[in-house]
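Scroll down for the structure; my scribbles are underneath it.
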Amino acid sequence: MIVLVGFMGAGKTTVGTLLAEKLGLDFADSDLVLEQRAGRPIRQIFAEDGEPAFRVLEHEVIADLLDGPDLVLALGGGAAEHAGTRRRLAAAQVVYLHVGYEQAMRRVGGGGDPASRPLLARPDLAATYRRRLPLYAEVATLTIPTDDRPPEAVTQDILEYL
């Protein structure tokens, strides 16, 4: 089980897809699995149920995926904020894709749609980024910088570590 964590725009889905292909494993994005199971998009869950309810559902989905067959799993950017999820990640190989705030905003902010990324609508986005950094580092067994690097180079770094 290889789990990718990091802030939005770190490249978790892109790198995860490449990594899974190279390792011959399946790839899953916890956000997509959550939407499929809930039968509605994340933005709707946030709007109707609030972030705390979303985080509980997210934790349940991640726990189920961690209990399943080996795969490459990309977590949503806020998943590490849930203490139960952090505890569950202790048994996994966790790669923290570190992206600088400015780079993240260039990657998702310019073309990012708050409807598909509810976090973009938060006025305290920079503070959220800073609050999450130590949580990513806490769960990581490997940290890879992604700023100004192509996904293929990041993937190769992970493969060399593994």
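The values are calculated or read from the model by the stated rules, or taken from the named source; none is laboratory data. Quick caveat, the model's predicted, so the values are computed rather than measured. Cβ coordinates were reconstructed from backbone atoms using ideal geometry, including for glycine residues, and neighbour counts include every protein chain displayed.
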Task: Members of region 64-87 that are out of contact with any Asp or Glu (no Cβ under 8 Å at 6 or more places or on another chain), in a helix (DSSP H, G or I), under 25 Å from Glu21 (Cα atoms) and touching a residue at least 24 places away in the same chain (Cβ under 8 Å) - done: Leu65, Leu66
- [ ] Name every residue in region 124-162 that is assigned to a loop (DSSP other than H, G, I, E, B) and more than 26 Å from Ala83 (Cα to Cα), in order of residue number.
- [x] Asp147, Asp148, Arg149, Pro150, Leu162
Task: Qualifying positions in region 1-39 - of a type outside the set (Gly, Ala, Ser) and within 21 Å of Gln103 (Cα to Cα) - done: Leu4, Val5, Phe7, Met8, Lys12, Thr13, Thr14, Val15, Thr17, Leu18
Open item on the list: Return the residues of region 22-42 that are among the charged types (D, E, K, R), part of a helix (DSSP H, G or I) and over 18 Å from the mean Cα position of the chain (by Cα); say none if nothing qualifies.
Closed with: Lys22
Task: Out of Leu65, Leu120, sole residue that is at pLDDT 95 or above and of a type in the set (A, V, I, L, M, F, W, C) - done: Leu65
Task: Residues of region 19-41 classified as of a type in the set (Asp, Glu) and either surrounded by fewer than 17 Cβ atoms within 10 Å (Cβ to Cβ) or more than 17 Å from Gly68 (Cβ to Cβ) (or both), total - done: 3
